[in-house]
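Bear in mind these aren't lab numbers, they're just calculated from the coordinates by the rules spelled out. A quick note: this is a predicted structure, and the numbers were derived from the prediction, not measured. Please note: Cβ atoms are built from the backbone with ideal geometry, for glycine as well, and neighbour counts cover all protein chains shown.
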Amino acid sequence: MEEYVQAAVAKGLTGIIFLEHLESGISYFESTWLSEAEFDLYFAEGLRLRQKYAGQITVGLGVEVGYNPHKVAAIADFLARHVWDRVGLSCHFLETSGDHLNLVSRRQSNWGPLGELGMDKVVAIYFQRLRQAVEELPGTVVCHLDAVLRHHPDIRFTAENRQLALAVLNAMAERGLALEVNTSGFPHRGEPYPDSFFRDEAVRRGIQLVPGSDAHQPRDVGRYFERLATWP
């Protein structure tokens, strides 16, 4: 964590908010999220860094919650145990035959079978679950709104699916949630997540836009933030 803070300081950022991943009830071949015990270590280190770098940069401790409709109570219970600077809502996994497939993975072993299930159906489920997450969990921001199946070569959103996404924005506006503008989209598709259509619709609804670099390496902290100032 300290290397990320140092990278943020070196880039002249005034603040950094960590969003470690939380999942519950997911059966997947690897764990890309923290356990409850690891979250305790996360807070201990984060608070140490907050004190150490006070006066140079503010250090926020947040979480990105992967929505699972079967584990809402367990997720809400865990969130209530800590004080978070930001609670991001997302949906990363879809259950298939007892196991889960990653909806935002670059692995063909994920997006291939998901595409075979029916791309429009999978996208619809994704947006429906994001809306449920907004309605059922104490979030503050929705992460990478349109990143579902982002690595599938034939990804597209139907008019019906766009309406489902707009329903997510409506629920966010009603509850005062912000929308993350995730700059990890620049190297992948030339613009952030979500695209300009959804960003414009968010602004029209009075939804606050907040930048996020989705950094999984220190060098990616604040990546492409300079483009956001002039981005359409």
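Remark: region 194-200, residue by residue, has Karplus-estimated 3J(HN,Hα) of x, 6, 4, 4, 6, 5, 4 Hz, where x stands for each Gly or Pro and the curve is 6.51 cos²θ - 1.76 cosθ + 1.60 at θ = phi - 60°. For the chain, take the longest principal axis of its alpha carbons; what is the angle in degrees between that and the long axis of helix 159-175, to the nearest 10 within 0 to 90? Once rounded, the angle reads 40 degrees. Shown here is the pair-distance distribution of region 73-193: with all Cα-Cα distances grouped in 10 Å bins from zero up to the longest one, the shares run 13, 41, 36, 10, 0 percent. Modelled label positions at W231 and A167, each set 7 Å beyond Cα in the direction of Cβ, lie 2.7 nm from each other. Simple point charges give the picture: +1 on the Cβ of Lys and Arg, -1 on the Cβ of Asp and Glu, and for region 1-134 a dipole about the Cα centre of about 420 debye.
Once you wrap a convex hull around the alpha carbon atoms of region 76-137, what is its projected area averaged over all directions, in nm²?
Details: hull surface 21.3 nm².
Projected over every direction and averaged, the Cα hull of region 76-137 covers 5.3 nm².
Report the local net charge at P194: Lys and Arg +1, Asp and Glu -1, summed over other residues whose C-beta lies under 14 Å from its C-beta.
-1
Under the convention that each Lys and Arg Cβ holds +1 and each Asp and Glu Cβ holds -1, the size of the dipole of the chain around its Cα centre is about 560 debye.
Mean residue ellipticity at 222 nm from the helices of the chain, using -39,500 (n - 2.57) per DSSP H segment of n ≥ 4 over the full residue count, to the nearest 500 deg cm²/dmol? Don't skip to the end; give the middle numbers.
Values: 8 runs with 98 residues, N = 232.
Calculated mean residue ellipticity at 222 nm is -13000 deg cm²/dmol.
Explain nothing, just the number: relative contact order of region 76-232, from Cα pairs under 8 Å at least 6 residues apart, as a whole percent.
On the way: 213 pairs, mean separation 30.6, N = 157.
After rounding, I find 19 percent.
When the Cα positions of M1, H21, Y53 are compared along the charge dipole of the chain, Y53 comes out farthest toward the positive end, with charges on each C-beta of Lys, Arg, Asp and Glu. Taking Cα atoms only, the orientation of helix 36-52 departs from the longest principal axis of the chain by about 40 degrees. Normalising the average separation of contacting C-alpha pairs (under 8 angstrom, six or more residues apart) by the number of residues puts the relative contact order of region 1-115 at 27 percent. Working from Cα pairs under 8 Å separated by at least six residues, relative contact order for region 128-181 is 63 percent.
Relative to the first principal axis of the alpha-carbon coordinates of the chain, what is the inclination of helix 108-136, with its axis defined by its Cα atoms, in degrees from 0 to 90 and to the nearest 10? Approximately 70 degrees, to the nearest 10.
Close amide H partners of C91, meaning residues 5 or more places away or on another chain with modelled amide H under 5 Å apart, are Y67.
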